[in-house]
Each structure stands twice: as C-alpha cells, then as structure tokens.
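S.K.: Before anything else, here's the structure in question.
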Amino acid sequence: MSERFSYRADREAYSTAKIKALESLLIEKGIISSETVDKVLKFFETDFGPFNGAKLIARAWVDPEFKARLLANTPAAIAEMDFPPGMAGAEGEYMEVVENTPEVHNLIVCTLCSCYPWPMLGLPPYWYKDPTFRARAVKEPRKVLKEFGLELDESKEVRVWDSSAQIRWFVLPERPAGTENMSETELAALVTPEAMMGVAQAKVSA
Amino acid sequence: MKLQHYLGGLEGLDSEPLNFEKQIFVEPWETRIFGIHVAMMGLSQHLSDTPLQYPLKSIPTTFKSTWTWADLRKGAEAMNPFDYFRFRYYEKWLGGISGFFMQEGYITEEQLDARTAVYLEKPDAPLPSVSEPTIDEQIVDYLRRGDPAIREVDYQPKFSVGQKIEVKDVLSTDHTRLPGYLRNRTGSIEKVYEGAYAYLCSTGPDGLGEPMYVYSVKFDPKNIWGDMAEGNSWVYADLFEVYVEAAK
C-alpha cells in the first residue's frame, strides 16, 4: 500500500475498542443479546460457507446430469443436495452458475459493492472487496488474472460477470486432469473460493 | 455524481500487482462489525412487510429501524472518495454502522467515545451479559429464509433475448445499481430473468424500488473501452428494466 493516507497510530487498537464499545452499548440498549454476534459468526462456520460450494462442484464433476441441471436451474439443483437448511436464504435467494471449459473462462466481480453467494461460498475474501480489483477486472480481466497467477491463452474466451442486481454468481471450475479415481469428497477438497469466483483453477495440490 | 458509482474501469489506482489477500477478515475486531450488520439485517423492521412476513413486532429487540444492504451501500457511496480508498472494507462498515446508530438516536457520540476509552484502557473488560434467545433465533431465521425480491406483476418484460439495447444515463443520487461504465453503452439481452424484482428502497430518479424485470445484458468490451479493450472477451451485467431502452 502507498503512504498516501495517514492513520492514527493506534489504528487497530482503536477499532478493537470502538467495536467492543458499540457492541456493549447495543446489548445494554436491548438491540441485540450478548450471544448474537457469536451466533452469527458460528452460523458462517457451520451453515453458510465455501464447504457447501465445494461439495456442489464435486457433485457436478462426477454426475453430468446433475451438472446440466445445475447450469439450467442453479437453486433447484442446490435443493437436491444434502445441505443444511437455508441454502436459498440471505444472499442466496437467486443464484446462477457459469461453467469454465477449455474454450471459456468466467470471472465474477461486483463493481458497485461486494455481492457474493453467501450460502454456497460464505463471505468474500479481501481481494474480492478490493476497489482496485473491482475497478480493473471489468477492463483488463486477462491482466488481472495473470497477476493472480492464472495466465490464459488468447484463444480462450473470457467472460466477466458484474453482479449488479440481486442474482449472485459463481463459477463451475474445470475438473483437473488426473482426478479420475478420486472420490467426491477428495474432489471437493480441490475446490477453493478463488476457483469458484474464477480467479484460479481447481488444482491437485502438489 | 459519485466516484463509487463509476469504479468499474477507473484507472491509475495503486497496488499493481493486485493484493491477492484471501482472508475474509484481516483483524479479529472485523468479525464483530460483520456480526452486528447481520443482526441489524435480521432485525430490520421492513421484514414484517415482505412476503415472508417475519414476526418483527413480537421480537423483544429495541431496534425499530429498517436496515438493509441498500442502507449499508448508501453509506459507502456517500463517503468522500479519498476516505473510500483510505479505509479498509470493515473500517467503512464500522464508521457507517456506528454513525447510523447515532443518527437514529439509539446511542450518542459521547456514549460511544466514553465506552471506547474504557475498552482502550481495559481491552479485556467483559461485554454486558444479557441473554435473549428470541432475538438470535429471528436473525438465524432471516439468514435461512432471506428476503426474496421477486413479486408478482401483471405485465410482461419489455425486452427479449437477442434484442439490442442501450443503457440509459439515469439521474442517480444517493444510491444506484447501474454501474457507471455501462451508461450510454449498447449491448444485447442475453437472458430475461424470471419474475420481477423489487429493490430494498426507492432510489428516486434513478428508478429502482417497484418490482421490475431484470436482464442479463452482454456487452462487447470494444463498445465500452474502445481500442483499450482486451481481445476475445465479453462483459455481462444484470440490469434492471428501468436502466435500459431499445437501441436506436
């Protein structure tokens, strides 16, 4: 980061104290309970998270008919899975999946804010929320992907999806080569949030 | 005109190469402001009047305001652009959300400052202990059922797949869902989404609020960036019907 902006010397200590002050006042005033924030955070560890998306992608890799249904009607296919309740809940009311193939690469961005499919992917990582990524991804996607370590051949078509309304997007990455004998569980372990947003490929870890 | 509405395509920003930070939270305190935001969303009074008719009136919270994504976004869009770049993602949330509680009269700046001073002095001082499971259950119920935007309407979409459209240059004030870089550009309808989407608030002359159809619109980047566009690529955006008109 540049030194263009100045910050208070106790930047993080101050925010730590301020958020605790806010939470304590909200509890005292009867707006939330003492457990509210912890329960929300727990929910994002157990119910909404990229572990759901990874299972969904692995299923699509092993079952071509499921994959076709997922691409045609994403919420209906998600409802077939054995997920916790709520997969059409907050920030998952409307979802669409696009498929990466040898010919086409998809990249998801939200230039106006940071829209992200919560039930399937949980919360967005910092790179996705970065104004610089959001500014550049729609104009020079190949250059951005290259900086993220993904160099695409000129012959591969790039599709950038700007999530500007209520539909939440994610990517069905290509199944990596050499995974023919892997179980669905093993396959799911190869699927990262970055692969499901189109800034990386699913890979067999070295 | 707000810079935050025109972020897509903005040049000359710092951090090349990009910062590929994969963490969701980079400081422990950030988790708390996220949790408070979700709580406000789940306790937002407008949820009583949505098709799911959440029982907000009977939830024992003193929160009597409406708080949706639109409110959080309005706050971020209202920021001085220099501050928008200066502050980290959840620093913006902390500023916006604490400002909202003061503006709505739940807390005062003096109370917040005084309490902050206490926790700066004694970081390990405990939070007050008040148990109220009904509040927490409502928030989890909201997470599981969401706030569906689709409403029944008795008219058909104006545009159909393959049709050439032009993006309007509507007057956006405090909030919009029209990315600035697409204004006045031509594209084609890729998909007509089923159902009409209400928005979380009226955006005034910008045009959102009442249910309307939404389209996936495909743009040739050459029509947006000219010779600067990268080859063999396309840009798609989801545009509300009020933002598009038939191409001339």
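Each value in this text was obtained by applying a stated rule to the coordinates, not by laboratory testing. What you see is a predicted model; the values in this text were computed from it and never measured. A quick note on method: Cβ atoms are made from the backbone with ideal geometry, for glycine too, and the neighbour counts reach across all protein chains shown.
S.K.: Within the range B:69-109, how many residues are part of a loop (DSSP other than H, G, I, E, B), more than 11 Å from chain A (Cβ to nearest Cβ) and in contact with a helix residue (DSSP H, G or I) (Cβ under 8 Å, 6 or more places away or on another chain)? Can you show your working first?
M.R.: Within the range B:69-109, the subset part of a loop (DSSP other than H, G, I, E, B) is B:79-80, B:87-88, B:104-108.
Cutting the leftovers down to more than 11 Å from chain A (Cβ to nearest Cβ) gives us B:79-80.
Pick out the ones that are also in contact with a helix residue (DSSP H, G or I) (Cβ under 8 Å, 6 or more places away or on another chain) and you get B:79.
Going through the range B:69-109 one residue at a time, the tally reaches 1.
S.K.: Can you find, within the range B:221-241, the residue that is surrounded by the most Cβ atoms within 10 Å (Cβ to Cβ) among those that are in contact (Cβ under 8 Å) with a residue 24 or more places away in the chain, farther than 20 Å from residue A:169 by Cα and not aromatic (Phe, Trp, Tyr)?
M.R.: The extreme case among them is B:224.
S.K.: Quick check on residue B:244: is it under 22 Å from residue A:170 (Cβ atoms) and either surrounded by 20 or more Cβ atoms within 10 Å (Cβ to Cβ) or within 11 Å of chain A (Cβ to nearest Cβ) (or both)?
M.R.: So residue B:244 fails the test.
S.K.: Take the range B:190-223 and flag every residue that is at the interface with chain A (Cβ under 8 Å from one of its Cβ atoms) and hydrophobic (A, V, I, L, M, F, W, C).
M.R.: B:214
S.K.: Then there is this: Which of the residues that make up the range A:165-179 are within 14 Å of chain B (Cβ to nearest Cβ) and not in a strand (DSSP E or B)?
M.R.: Listed by number, the residues that qualify are A:165, A:166, A:167.
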